[in-house]
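Remarks on the structure that follows.
Derivation of every value follows stated rules applied to the coordinates shown; laboratory data play no part. Quick caveat: nothing in here was measured; it's all calculated off a predicted structure. Because the Cβ atoms are built from the backbone with ideal geometry, glycine has one as well, and the counts that use them run over all protein chains shown.
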Amino acid sequence: MLTGVAEIDSQHKELFAAVNSFVQSILDGREKDDIATLFRFLDHYANVHFATEEALLEKENYPEINIHKAQHNYFRTAFAKLKARCDNEGYSQDILNDAHRNVSSWLLNHVAKTDKHWAQFIKSRQQTAN
């Protein structure tokens with residue numbers, strides 16, 4: 001699922017490592033503090049990553065940047081709702097299972113499809129420039 005942009009690929013690896021750790025915490029039934037820490041990390045790091053990615057796409061004049069930003073905003077909103085639900089209801093197994101399904105599947109689909117699309121755009125621009 002590499003994009004060919006080293007900084008983005010490095011961030012993707014860190015995000016997926018955090019998601020995998022999050023999922024493993026859920027599966028292992030680890031202490032809720034572990035899960036809360038991972039939630040905070042994912043919340044912060046996703047925003048850092050999205051900002052980096054959006055700055056790159058702006059620099060490259062990516063024509064579908066508004067669609068891409070809207071997808072990032074969708075994730076931010078969905079994640080905030082999930083986090084609020086956890087804060088209000090606690091870290092029940094049902095909520096954690098929802099988090100696992102929603103966070104993992106969104107990130108996988110986003111990187112595999114949407115990020116690949118802009119990566120192809122940048123690659124084709126670089127080939128045209130050479």
Could you give the angle, 0 to 90 degrees to the nearest 10, between helix 6-28's Cα long axis and the longest principal axis of the Cα atoms of the chain?
20 degrees
Listed here are the pairs K81/K123; K83/K116; K13/K83; K81/K116; K59/K83; K13/K69; which of them are more than 25 Å apart at the Cα?
K81/K123; K83/K116; K81/K116; K59/K83
Can you put L96, L27 in order of Cβ neighbours within 10 angstrom, beginning with the fewest?
L27, L96
Whole-Å distance linking the alpha carbon centroid of segment 64-79 with that of segment 99-118 is 12 Å
With each pseudo-label sitting 7 Å past Cα toward Cβ, what's the N47-D87 distance in nm, one decimal?
1.1 nm
On each of the three principal axes the extent of the alpha-carbon atoms of segment 6-129, given in whole Å and largest first, is 52, 22, 19
To test your reading of the geometry: what angle, between 0 and 90 degrees and rounded to tens, separates the Cα axis of helix 116-129 from the longest principal axis of the chain?
20 degrees
Return the distance in nm (one decimal) between the two label points of a simple spin-label model at N66 and T114, each offset 7 Å from Cα along Cα→Cβ.
1.6 nm
Calculated from backbone phi, Karplus (6.51, -1.76, 1.60) coupling profile of segment 80-94 in Hz, x at Gly/Pro
4, 5, 5, 5, 4, 4, 5, 4, 7, 9, x, 8, 6, 4, 4
Pseudo-spin-label distance A129 to D28, built 7 Å along Cα→Cβ, given in nm, is 4.4 nm
Could you work out the helix-only [θ] at 222 nm for the chain, with each DSSP H run of four or more residues adding -39,500 (n - 2.57) and the total divided by the number of residues, to the nearest 500 deg cm²/dmol?
-28500 deg cm²/dmol
Derived scalar couplings ³J(HN,Hα) [segment 52-68; Karplus, 6.51 cos²θ - 1.76 cosθ + 1.60; whole Hz; x for Gly, Pro]:
5, 5, 5, 5, 4, 5, 5, 4, 8, 6, 5, x, 9, 4, 5, 5, 5
